[in-house]
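The numbers here are math on the coordinates, done by the rules we state, and not lab data. Keep in mind that what you see is a predicted model, and the values were worked out from it rather than measured. Because the Cβ atoms are built from the backbone with ideal geometry, glycine has one as well, and the counts that use them run over all protein chains shown.
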Amino acid sequence: MLNDVSGIVFILVALGIVVGTTATFWLQTKALRVPRPVGYLVLMVLGILLALMGFVKEPGLPGGLAASFTILAASFFLFASLRSSLPAKRTSAGVGQPAPDFTARDGDGQNFTLSSLKGRTVLLKFFRGYW
Amino acid sequence: MVAISADTVTEAARMGSKFELTLTLLSDESLVVTRLYNLDYKAYAPIRGPKRPMAIPTTFLIGGDGLVKWIDQSQDHSMRSDEEVVLAAVREALSADS
């Protein structure tokens with residue numbers, strides 16, 4: 001009986017860690033802050049280990065389901081985090097080299113040419129898009 | 001300040017008005033500019049809708065002489081350039097100019 005209880009405690013702590021980490025990560029991403037992924041990944045691994053420790057203590061059906069959910073959620077988070085790394089590509093213009101000039105249309109459909117801002121400091125940002 | 005993505009002109013306009021952005025939002029639907037800077041990245045599947053190409057999130061600071069002064073590139077598409085890091089680089093560049 002004692003074994004059962006400690007298993008459930010492990011699983012509940014693991015579940016709390018995984019759900020809390022996911023919620024924090026999601027909120028930070030929503031607020032466009034930069035999440036620091038290493039801490040999140042460590043917490044997720046901790047969650048998986050705790051859930052596994054709960055599993056070996058035979059927590060019964062509800063505990064087993066909660067542990068499975070925790071492990072699946074944390075594994076998905078780890079998998080998605082590792083998948084989301086981008087290839088390191090060398091930009092065509094390095095520091096100290098001229099920025100290639102270009103013309104593109106802005107939100108009003110007007111043409112914008114980079115060299116029209118010559119003489120001024122420009123912050124040029126490539127971003128994902130509206131989605 | 002200029003921000004460029006693979007959005008269409010309509011999408012860029014919608015995003016500009018939605019977030020009340022005052023910066024210049026450019027549409028690079030055909031990825032001409034993105035390829036010019038060697039930043040195109042195809043194999044990304046967003047949560048909703050079909051796969052679409054995107055640029056690797058990158059920030060360039062270009063001086064008045066047209067030379068690149070500073071580059072910040074993301075290693076992860078869920079991450080963005082850190083606001084304070086970018087602002088520090090901008091401040092440094094502006095103080096060097098004057």
* Under a point spin-label approximation (7 Å from Cα along Cα-to-Cβ), what is the A:Gln110-A:Val95 distance to one decimal in nm? -> 3.4 nm
* **Number of partner chain Cβ atoms within 10 Å, mean per residue of A:110-116** => 2
* Structure fact -> Per-residue average of other protein chain Cβ atoms inside 10 Å, peptide A:93-105 -> 6
* HN-Hα J in Hz across the stretch B:25-32 - Karplus 6.51, -1.76, 1.60, θ = phi - 60°, x for Gly and Pro -> 9, 9, 9, 10, 4, 8, 6, 4
* Asked: Counting other C-beta atoms within 10 Å, which of A:Glu58, B:Glu11 has the fewest, and how do the rest follow?
  -> A:Glu58, B:Glu11
* Summarise the partner chain shielding of B:31-37 as one whole number: the mean count of Cβ atoms from other chains within 10 Å of each residue's Cβ. => 4
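Cut-off is 10 Å between beta-carbons; in what order do A:Phe79, A:Phe112 appear when sorted fewest neighbours first?
A:Phe79, A:Phe112
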